[in-house]
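The values are calculated or read from the model by the stated rules, or taken from the named source; none is laboratory data. Being a predicted model, the structure only gives us computed values, none of them experimental. As a convention, Cβ positions derive from the backbone with ideal geometry for all residues, glycine included, and neighbour counts pool all protein chains shown.
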Amino acid sequence: MKKLTTLAVSLAVVASLAFLAACSSSASSSAKTTATGQATGQKSFTIYFAPEAIPNSFWAPMHAGAVAAGKLTGDKIVWTQGTSFDTADTVQRMQVAIASHPDALVVTDLVPSAFDPVMAKAKAAGIAVFDANAQSPSANPPYLMYFGANEYQAGQLAGNELLASGKPARVMCGIVDITSAALAQRCAGLASVLTPKGVPVDKVDVSGTPSEITAKMQAYFTAHPTANGVYLTAADPTWLQPLLNVTGSLSHHVSIITNDNSPLALSAIQSGKMAGTIIQQQYLQGFLPVIYADLYLRYGFLPASKQVFTGPFFVNKSDASSISALVQQGIQG
């Protein structure tokens, strides 16, 4: 937990100091500031967020991070989100963003086949494009930088933690959105660790309505009665509660690891119903794109590395309490 917190603070502080240092040469020490911290007379940019996001506890910290960074830079932050995970809706919001011609566009490249052409369109229109939360598998993605977890390594971390708790007989990788390239990478990372150890890994589509989700999970354990490990690619109660209900009714213990966070996951970790969860610090995924976009738009600055990894980190029972406090503050999700 100490390492996780230190990294989060360090990244935020370094980025903020870089911004302030860059501004110091052009901003007068007597410049007046507004309530948001913007120096009067300093150019303000519009940074438009069009992620495949919905109003829940996962995306709220990313939104909060973007707003906090905007107060530091003085930039206008436009945040949009859908009501459900809908690729077509996200594409439409990206198109609306392009039509408004912001200075920078921040997206989540969950479905590269659908999103990459739209990002290329934004780039051609002179909009600086940044990606957060979901990384394109392309060697030449249509954006300047990526901020988020290494999803393949997240899956590997889950595999290693499952092995550490006792070699499982069989593991389900529950994928909540079968169209997501990022979630597929999590399952691939899991298999890269467990398959060489002789542990079968089953990639299972657990999308749908609550009743459909429950039915799919029940069907899996009926078909594979020796399965005693689960890596669920999301911790939202929509998927986690049915999983806990199903595994709780089995005659044997199932070691469960989720990806990301929720109050339900933390409670289950503290009560011993889950081994842990893997987090990616979404607050930084909103905060850092604004800082770097401002530096790029203002001075043309870009780091040598075009990716900033905000995770993965494993949270177990010893960490759950301190992470819960951050969740209550809206900093962790």
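Selection within segment 171-192: residues that are in contact with a strand residue (DSSP E or B) (Cβ under 7 Å, 6 or more places away or on another chain) and farther than 18 Å from Asp260 by Cβ. The member of this set that is surrounded by the fewest Cβ atoms within 10 Å (Cβ to Cβ) is Ala191. When we screen Thr247, Thr258 for residues that are over 28 Å from Thr310 (Cα atoms) and either in contact with a helix residue (DSSP H, G or I) (Cβ under 6 Å, 6 or more places away or on another chain) or not in a loop (DSSP other than H, G, I, E, B) (or both), the only hit is Thr247. Yes or no: Ser84 farther than 22 Å from Val308 by Cβ and within 19 Å of the chain's Cα centre (by Cα)? For Ser84, the condition - farther than 22 Å from Val308 by Cβ and within 19 Å of the chain's Cα centre (by Cα) - is met. Of all the residues in segment 45-81, those that are part of a helix (DSSP H, G or I), surrounded by fewer than 24 Cβ atoms within 10 Å (Cβ to Cβ) and under 19 Å from the mean Cα position of the chain (by Cα) number 5.
Considering only residues that are touching a Phe, Trp or Tyr at 6+ places or on another chain (Cβ under 9 Å), outside any helix (DSSP H, G or I) and of a type outside the set (Gly, Ala, Ser), look in segment 316-333 and name the one that is surrounded by the most Cβ atoms within 10 Å (Cβ to Cβ). Steps first, please.
Initially, segment 316-333 is screened for residues touching a Phe, Trp or Tyr at 6+ places or on another chain (Cβ under 9 Å), giving 319, 326, 330-333.
In the following step, the residues that additionally are outside any helix (DSSP H, G or I) were identified as 330-333.
Filter again for of a type outside the set (Gly, Ala, Ser), leaving 331-332.
Numbers: Ile331: 19, Gln332: 24.
Per the stated criteria, the residue is Gln332.
The numbered conditions (1) modelled with pLDDT of 95 or more; (2) within 20 Å of Gly65 (Cα to Cα); (3) part of a loop (DSSP other than H, G, I, E, B) are all true for Pro303 except (2). Is it fair to say Val118 is in the same structural domain as Ser44 (by TED's automatic domain parsing), under 23 Å from Gln280 (Cα atoms) and surrounded by 20 or more Cβ atoms within 10 Å (Cβ to Cβ)? For Val118, the condition - in the same structural domain as Ser44 (by TED's automatic domain parsing), under 23 Å from Gln280 (Cα atoms) and surrounded by 20 or more Cβ atoms within 10 Å (Cβ to Cβ) - is not met. The lone criterion from (1) within 27 Å of Val106 (Cβ to Cβ); (2) at pLDDT 95 or above left unmet by Asp236 is number (2).
Would you confirm whether or not segment 253-275 contains a residue that is in the same structural domain as Phe85 (by TED's automatic domain parsing), crowded, with 22+ Cβ neighbours inside 10 Å and within 26 Å of Gly159 (Cβ to Cβ)? Let's see the steps before the verdict.
Here is the first cut: in segment 253-275, the residues in the same structural domain as Phe85 (by TED's automatic domain parsing) are none.
Scanning segment 253-275, I find no residue that is in the same structural domain as Phe85 (by TED's automatic domain parsing), crowded, with 22+ Cβ neighbours inside 10 Å and within 26 Å of Gly159 (Cβ to Cβ), so the answer is no.
Give me the pairs, please: first residue somewhere in segment 158-174 and outside the structural domain of Ser207 (by TED's automatic domain parsing), second residue anywhere and at pLDDT below 95 and among the charged types (D, E, K, R), beta-carbon distance under 7 Å, and either six or more positions apart or on two chains. Taking only residues 6 or more apart or on different chains, not a single pair turns up. Just to be sure, is Ala215 buried (at least 18 other Cβ atoms within 10 Å of the Cβ), aliphatic (A, V, I, L, M) and either touching a residue at least 12 places away in the same chain (Cβ under 8 Å) or assigned to a helix (DSSP H, G or I) (or both)? It is false that Ala215 is buried (at least 18 other Cβ atoms within 10 Å of the Cβ), aliphatic (A, V, I, L, M) and either touching a residue at least 12 places away in the same chain (Cβ under 8 Å) or assigned to a helix (DSSP H, G or I) (or both).
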